[in-house]
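The next block holds one structure in the form of structure tokens; read it before the comments.
FYI, it's all coordinate maths here, none of it is from the lab. Values in this document were obtained by computation on a predicted structure and should not be read as measured data. FYI the Cβ positions are ideal-geometry reconstructions off the backbone, even for glycines, and counts take in every protein chain you see.
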Amino acid sequence: MNWIDLRSDTVTQPTPAMRAAMSRAEVGDDVYGEDPTVNRLQEKAAELTGKQAALFVPSGTMGNLTAILAHCQRGDEVILGDKAHTFLFEAGGVSALGGVHSRQLPNQADGTLALEDIRAAIRPDDPHQPITSLITLENTHNRCGGVPLSPAYTRAVGELAYEHGLKLHLDGARLFNAAAALEVDPKALTQPVDSVTFCLSKALCAPVGSIVCGSAEFIERAHRIRKQLGGGMRQVGVLAAAGMVALETMIDRLAEDHARAQKLAEILSECPGLVLDPDTPRTNMIFCSLREGFPLTASQVAQELKAHGVQAGVAGARRFRLVTHYWIGDEDVLKAGQAFIEVLNSVPHSVRTGRDR
Ligand SMILES: *Cc1c(COP(=O)(O)O)cnc(C)c1O
């Protein structure tokens, strides 16, 4: 079945150009540093983010873990958001594998951490307390609605980190979506940070891979940590080749995904029983919920949508996350909107409005 799969941009299949590049890729043993395609990809990534060096890793999770372990010693503390992907969805790797203590601050609705909260969380020099050594931000912020964080905010956190001798890491899994939405050069979002991770395998459509960027000295340490984590790969140029196509051809089209998300949101805003989050979508993610008292759960609605060829992301008992990406075209947007309308309308009107309940 040709699904209209809105669950995530991680479901994106590699493009025909990627498959062709993969089959042609010149490769070598990357653990020896001899894979020319990986080397080119890393150079390109460093250039795009304005950093000295970059490292190809198998996943965003390994990218963040590698970066955090390269910045922190055991017993150090990392400040991050309570809705951060690293805090919620990376299996506690920083503490399990790195002995890094995490300090979660409330994520504001706009995905930021309040500067005064960060300032208050930085530990004094006291042998009873862990040593604060790192702040991490996430851009776009997934759980906060796929919202982009501005260059000005990132700079402000960078200055705060610098003042206190801390490092700043950016989980930029969707960095290029943020840059596209804000219409800025990605470097405006990475210049203030010491390190950044971004994913090739989400909206950029590559089958596998993420990249960590930072100073040459930082990447040298990250390289050893990647090896410790079992992330040293051999003739991995076959994957880097797809990553190269991603960086060369898939960044400039991200605004199309954002426009389609806008269009889908417009259709859904007319849908009975559905309430869109304020200001959604800011990038390629729409967050919406079933109205209070609606008789079906989000999972039940998602199940019904499948009969219409649509897969929706369930983000809570009544909540959906719908993500547009390269494989969602204009036609798919209309079909998905129509499917929602049909499924939600098929619930008897009296039940839908809650009048008989
Ligand atoms: C997807 C994602 C990651 C890491 O993803 P992997 O699935 O490990 O590649 C990290 N941070 C955010 C915000 C993400 O959305």
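Laid out as a table, the results:
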| read-out | value |
| --- | --- |
| Computed label-point distance, nm, for sites ARG253 and GLN129 using a 7 Å Cα→Cβ extension | 5.0 nm |
| Gyration tensor over alpha-carbon atoms, the range 253-348, equivalent ellipsoid semi-axes in Å | 21, 14, 11 |
| The range 286-348 and the range 9-39: distance between their alpha carbon centers, rounded to Å | 35 Å |
| On Cα atoms only, tilt of 151-163 relative to the major axis of the chain in degrees | 40 degrees |
| Cα convex hull of the chain, projected area averaged across orientations, nm² | 18.8 nm² |
| Two-site FRET efficiency, ALA120 against GLU217, from Cβ-Cβ distance with R₀ of 30 Å, rounded to 0.05 | 0.45 |
| Relative packing of peptides 133-144, 234-245, 35-46 - highest average C-beta neighbours within 10 Å first | 133-144, 234-245, 35-46 |
| Descending semi-axes in Å of the range 42-103, equivalent ellipsoid built from Cα gyration tensor | 23, 13, 11 |
| Sum of side-chain charges, LYS335 neighbourhood, beta-carbon under 14 Å (Lys, Arg +1; Asp, Glu -1) | -2 |
| Those lysines that a straight Cα-Cα span of less than 28 Å connects to LYS335, excepting residues fewer than 8 apart in one chain | LYS202, LYS263, LYS306 |
| Two-site label geometry, LYS263 and LYS187: point separation in nm, points 7 Å out along Cα→Cβ | 3.4 nm |
| Degrees, to the nearest 10: 330-345 long Cα axis against longest axis of the chain | 50 degrees |
| Theoretical ellipticity at 222 nm over the chain - DSSP helices of four or more residues, -39500 (n - 2.57) apiece, nearest 500 | -11500 deg cm²/dmol |
| Whole-Hz ³J(HN,Hα) from phi, Karplus 6.51 cos²θ - 1.76 cosθ + 1.60, for the range 218-229, glycine and proline x | 5, 5, 4, 5, 4, 4, 5, 5, 4, 5, 4, 7 |
| Debye intensity ratio in log₁₀ form over the Cα atoms of the range 199-242, taken at each q of 0.23 Å⁻¹ | -0.93 |
| Chain lengthening between LYS227 and ASP330 when straightened (0.36 nm per residue, less Cα-Cα) | 32.8 nm |
| Positive-end extreme of charge dipole, the range 253-348 - chosen from ALA298, THR324, ALA339 (charges on Cβ) | ALA298 |
| Angle between the chain longest axis and helix 60-71 axis [Cα atoms, degrees, rounded to 10] | 30 degrees |
| Pair LYS306, TYR32: separation of 7 Å Cα→Cβ label points (nm) | 4.8 nm |
| Whole-Å semi-axes of the range 73-208's equivalent ellipsoid (Cα gyration tensor) | 25, 17, 13 |
